[in-house]
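The values are calculated or read from the model by the stated rules, or taken from the named source; none is laboratory data. Computed from a predicted model, the values in this text were never measured in an experiment. Virtual Cβ from ideal backbone geometry, glycine too; neighbours counted across all protein chains shown. Just the protein is used for accessible areas: all its heavy atoms, side chains included, with ligands, DNA and RNA removed. Shrake-Rupley method; radii C 1.70, N 1.55, O 1.52, S 1.80 Å.
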Amino acid sequence: MTFAQRMSRLGTETAFEVLARARVLEAQGKSVIHLEIGEPDFDTPRFIRTAAARALEDGFTHYGPSAGLPEFRQTIAEIWRAERNIPCDLDNVVVTPGAKPIMFFAMLALVEEGDEVLYPDPGFPIYESVAQFINARAVPYLLRESNQFDLDLKDLESKITPRTKLLVLNSPHNPTGAVLRPETVEGLAAIARKHSFHILSDEIYARVLYSGRHLSIASLPGMAERTIVLDGFSKTYSMTGWRLGFGIMSKPLAVHVARLMTNSNSCTATFTQKAGQVALTGPQDEIMAMVREFRARRDLIVAGLNALPGIRCGMPNGAFYVFPNITGTGMKSGELAKLLLEEAGVAGLSGTAFGAGGEGYLRFSYANSQENIKKALAAMGEFLSVRVR
Ligand code: PLP
């Protein structure tokens, strides 16, 4: 069988590969602590599960509109307008099975072959993968620890050309947990207006924020029409397996993205949308409790990592990831990640799973219990105390 050339340009997410290797080790009787996969370990809150069961009973088992149920899109628009100051109504919202399709659809609808897509390095690997898949020129912009992994606007502006079509922004950020400073968001908006490019603003971790308020670039003057906000239920409501996300974008773009939905998925499952609506309008105390627990875990893992030989770790302000600098161990990221899994039973990811800019770092997801985080820290401490002098 010969495959289309474009398949050679499609990347992947290493987290799933590391998880598969960890499962093999577990099948051999080894114990592994999972700090690799980016999914909350909590159950989906009961009131949301109950709403889905009720929707199934009520007959929400058929096709729905490609763009999503109007009442659900209306609720999303109302909340994002009120809480994030994004001017929008239901015609700006397209619901998708998970948030990931918004990356694909936004790029398919906006970016021509040869256009340039700027994306963060380190960053979520699917941005680069999709840009390359559609034959765009994927141009990384570096996020540096010396700048608390914030975006360097001068450096970024030097990468802009007349072919720059889209910039991918992600805050709170995977893998570093960094949150962009408001001045950076404002400065970037000015640059986008000046050079007339679009922004894909991945805000999937916006509610997993430990201080301050989330500032969406789409809320700044003149930015709503050139921004696609990507968001969803996977992280905030612990609903990764449900596949429920959405994008907020200009109305003409929403028409194209809905047509891409018609051509690919037909629609998002309607009973999940009914549950999503209840998630948004129901009590948010469980969600706040999850964020409080994430904060306690963050404090635990950051302090623990900083006590390990050869490792230094900043304090992230959002998401549920830490991105420790491991250069003091004398090992490369890929090598250390592999050794920690095979010898210490701790599954984490090499920083290079997020781009070349991740060399010198590991990513740990602290979506695991405090007890397991303590065990992982102890196992890593034991391993490193022998290896690092
Ligand atoms: N964006 C970022 C930055 C992510 O880390 C993830 C999931 O890991 C997604 C988007 C995808 O979200 P979903 O599971 O809703 O497709």
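For region 47-54, the criterion of being surrounded by fewer than 13 Cβ atoms within 10 Å (Cβ to Cβ), more than 16 Å from the ligand (Cβ to nearest atom), of a type in the set (Gly, Ala, Ser) and farther than 28 Å from TYR321 by Cα is satisfied by at least one residue. Whether any residue in region 364-371 is of a type in the set (Asp, Glu), under 30 Å from PHE233 (Cα atoms) and under 22 Å from the mean Cα position of the chain (by Cα) is what I want to check. No, because not a single residue in region 364-371 is of a type in the set (Asp, Glu), under 30 Å from PHE233 (Cα atoms) and under 22 Å from the mean Cα position of the chain (by Cα). Per the listing ALA53, ALA106, the residue uniquely more than 22 Å from the chain's Cα centre (by Cα) and at pLDDT 95 or above is ALA53. Restricting attention to region 238-272, the residues that are β-branched (Val, Ile, Thr) and within 28 Å of PRO40 (Cα to Cα) total 5.
Kindly evaluate VAL208 against the criterion of being touching a residue at least 12 places away in the same chain (Cβ under 8 Å), under 15 Å from GLY38 (Cα atoms), open to solvent by less than 10 Å² (accessible area, probe 1.4 Å) and in the same structural domain as PRO120 (by TED's automatic domain parsing). So VAL208 fits the description; yes. Restricting to region 100-124, name every residue that is open to solvent by 20 Å² or more (accessible area, probe 1.4 Å) and within 10 Å of the ligand (Cβ to nearest atom). Once the filter is applied, which keeps residues that are open to solvent by 20 Å² or more (accessible area, probe 1.4 Å) and within 10 Å of the ligand (Cβ to nearest atom), region 100-124 yields LYS100, PRO101, PHE124. Scanning region 258-273 for residues that are open to solvent by 50 Å² or more (accessible area, probe 1.4 Å) and touching a residue at least 24 places away in the same chain (Cβ under 8 Å) returns ARG259, THR262, SER264, ASN265, PHE271. Of everything listed in (1) crowded, with 19+ Cβ neighbours inside 10 Å; (2) in contact (Cβ under 8 Å) with a residue 60 or more places away in the chain, the single unmet condition for GLY310 is (1).
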